[in-house]
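**Student:** Dropping a structure here in structure tokens format, bear with me for questions.
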Amino acid sequence: MATNNMGLLQLMLLLQLWTGVLTQLAEAVRSLDEEVLTLTAPASSRDYPDPPARRDVYSNGKIHDITHLINPKMPKWGSPDGMGQVVTIIDDMKKGAVAYTSEMDLPSHTGTHVDAPSHFFEDYFDKGFDTSTLSLKTLNGPALVVDVPRNSNITAEVMKNLQIPQGIHRVLFRTLNSDRKLMYQSEFHSDYVGIMGDGANWIVDNTDIKLVGIDYLSIASYTDAVPTHQALLKNREIVIVEGLKLDDVAAGIYDLHCLPLRVLGAEGTPARCILTGL
């Protein structure tokens, strides 16, 4: 009888222990991002919106996707009509194919993208300094998002007044471009805000900045495209990221993760960029 009681007590203790483990496991699962939880739901219980939702903020604001969605209506450099068709279906299941396959047709400087030194230097182009040679160390790390004055391009005077501290290596400029929603308009606007040549020289000569990003298709103002790019790219030390989605990102310090496509010979390639809280 005593032996039976001892066995029952051990069983009860094991059940309590297992219940505690299951409770902790459930709490851990609940703490996971909601996107992960959907993977565990039965297929029959999933609610698929039409079209499916595409989000920019995840994990209760801890992750910001600052990459613009590539689509036919987004702006294209110099075009009044936007990108046009990007994806063409090659194999169509509606026509008997066993799977969908497609081809993409897009310029190298589409949407959120990076510039390589070869973009504005023939010598660098010939020597192969394409986007696949850009430093991932530079493209990933702490970054400062700054609001710049809305009444001018980014000149040397503007840069000086921003008082960006030494030791800041990555700066993302949020400008009037975001206020005007230029990246959501098909027509290309040449009056966008960008960095002037003297502003680029000031960055090179007076800061520790090794990555600059902006919220339209070019880091450079339309009138100073050549001098600005050449000043920033000349020494192959500064990475340029263009077409960033900074609409709802507050100014401050974040962790930047930016990964361009690795394409041999490309002077520019689309990139996926996110910001996470430090």
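**Student:** Let me know the charge dipole size of the range 113-276 about its Cα centre in debye, to the nearest 20, where only the beta-carbon of Lys, Arg (+1) and Asp, Glu (-1) is charged. Before the final figure, lay out the partial values.
**Tutor:** Working: 14 positive and 21 negative charges, 87 e Å.
Once rounded to the nearest 20, the dipole reads 420 debye.
**Student:** Additional query: How big is the shadow of the Cα convex hull of the range 113-276, averaged over all directions, in nm²? Please list the in-between numbers first.
**Tutor:** Working: hull surface 34.9 nm².
Reported value for the Cα convex hull: 8.7 nm².
**Student:** Considering only lysines 8 or more places apart in sequence, or on different chains, count the pairs in the range 113-276 whose C-alpha atoms sit under 20 Å apart.
**Tutor:** Values: Lys127/Lys234; Lys137/Lys210; Lys137/Lys234; Lys160/Lys210; Lys181/Lys245; Lys210/Lys234; Lys210/Lys245.
Total qualifying Lys-Lys pairs in the range 113-276 comes to 7.
**Student:** Considering only Val146, Thr175, Tyr216, whose Cα is most displaced toward the positive end of the charge dipole of the range 113-276, charges sitting on Cβ of Lys, Arg (+1) and Asp, Glu (-1)?
**Tutor:** Val146
**Student:** So how strong a dipole does the range 153-249 carry about its Cα centre when Lys and Arg Cβ are +1 and Asp and Glu Cβ are -1, to the nearest 20 debye? Could the numbers behind the result be given before it?
**Tutor:** Numbers: 9 positive and 13 negative charges, 50 e Å.
Taking the Cα centre of the range 153-249 as origin, the dipole is about 240 debye.
**Student:** Of the listed peptides 118-130, 241-253, what is their order by residue-averaged count of other C-beta atoms within 10 Å, with the highest listed first?
**Tutor:** Details: 118-130: 16.2, 241-253: 18.8.
So the peptides 118-130, 241-253, ranked by packing, come out 241-253, 118-130.
Read the figures in this text as sums done on the coordinates, not as results from a lab. Remember, it's a predicted structure, so these values are computed and weren't measured experimentally. Heads up, the Cβs are rebuilt from the backbone with ideal geometry, glycines too, and the neighbour counts pull from every protein chain shown.
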